Each structure stands twice: as C-alpha cells, then as structure tokens.
Amino acid sequence: MLCRSCGRMNRDEDLFCGSCGQKLMRAKMCRTCGVKNRHDSVFCGTCGAPLQEEAASCRHCGHSLGPRDHFCTHCGQQGSAGQLCDRCHEFNREEARFCGACGAALPVRVAG
C-alpha cells in the first residue's frame with residue numbers, strides 16, 4: 001500500500017506507514033459484491049450498497065466476519081442478513097427479489 005504522505009510502499013496489512021508514521025488509507029471492501037472502493041466512499045461504486053465503516057461481526061456469537069463472509073467461521077450460523085440463491089448458491093441482499101449472479105427469482109419472504 002502506497003503512503004500518500006511520503007510515497008513509501010508498505011505491506012497491505014500495515015495500518016501506518018513504516019517511514020513517516022502516517023495512517024494509511026485503506027480501501028473499503030463491499031460486503032455485497034466484494035469490490036474495493038475508495039477509503040472515503042459511503043456507497044459501493046459498483047452495486048450501490050452502503051459500505052460499512054468497521055468490520056462486521058456475527059449477530060449470533062459476536063465473532064468478527066471477513067469482508068465477504070456471510071457465514072460465521074466460528075459458529076457456522078449465517079452472520080450477515082441476506083439470502084442464498086437456490087440455483088447458483090450466490091449470496092444476495094435480504095431485500096433482493098432476483099439473484100444478482102444468475103437472475104433466478106428468490107423466494108418471497110412474508111412478514112409476520
């Protein structure tokens with residue numbers, strides 16, 4: 001990762017520049033489509049989904065989830081809201097009516 005202050009190339013996992021100590025501006029990963037976005041983006045430039053500020057955690061056990069994890073690696077429960085497509089097994093947003101990957105109709109959820 002390139003430091004915008006001094007130009008030094010740092011490791012991808014570094015949070016601060018090894019030369020000047022400036023905080024490195026990390027790209028925000030979209031949890032919906034997996035695309036990297038600018039550090040100051042609020043919505044994904046590819047799919048329009050809101051970008052989360054901090055790492056998400058499992059709503060069942062609290063274990064942290066990776067940027068594209070939809071199921072918790074600790075407890076195995078579905079960690080983020082959404083639904084799987086029966087045809088291609090891609091993860092879709094909870095409010096989606098059709099799969100974003102294959103176009104198949106997703107089950108209609110009845111409130112109640």
Selection within the stretch 62-88 - among the polar types (S, T, N, Q), assigned to a loop (DSSP other than H, G, I, E, B) and within 23 Å of residue 99 (Cα to Cα): 77, 80
Residue 41 of a type in the set (Ser, Thr, Tyr), farther than 29 Å from residue 93 by Cα and part of a loop (DSSP other than H, G, I, E, B): no
Residue among 87, 38 that alone is of a type in the set (Lys, Arg), within 19 Å of the chain's Cα centre (by Cα) and at pLDDT 80 or above: 38
Filter pass, residue 59 being in a loop (DSSP other than H, G, I, E, B), more than 25 Å from residue 106 (Cβ to Cβ) and not β-branched (Val, Ile, Thr): no
Meets criteria (modelled with pLDDT under 85, over 14 Å from the mean Cα position of the chain (by Cα) and surrounded by 14 or more Cβ atoms within 10 Å (Cβ to Cβ)) for residue 63: yes
Residue tally, condition within 23 Å of residue 69 (Cα to Cα), of a type in the set (A, V, I, L, M, F, W, C) and either at pLDDT 85 or above or in a loop (DSSP other than H, G, I, E, B) (or both), over the stretch 2-35: 6
Filtered residues of the stretch 1-38 (kept if in contact (Cβ under 8 Å) with a residue 24 or more places away in the chain and either more than 24 Å from residue 93 (Cβ to Cβ) or among the acidic types (Asp, Glu) (or both)): 1
Selection count, the stretch 62-83, where residues are in contact with a His (Cβ under 8 Å, 6 or more places away or on another chain) and either of a type in the set (S, T, N, Q) or more than 22 Å from residue 28 (Cβ to Cβ) (or both): 6
Of residues in the stretch 46-60 being loosely packed, with under 13 Cβ neighbours inside 10 Å and modelled with pLDDT of 85 or more, the one nearest to the chain's Cα centre (by Cα): 50
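The values are calculated or read from the model by the stated rules, or taken from the named source; none is laboratory data. A quick note: this is a predicted structure, and the numbers were derived from the prediction, not measured. All Cβ positions, even for glycine, are placed from backbone atoms using ideal geometry, and neighbour counts span all protein chains on display.
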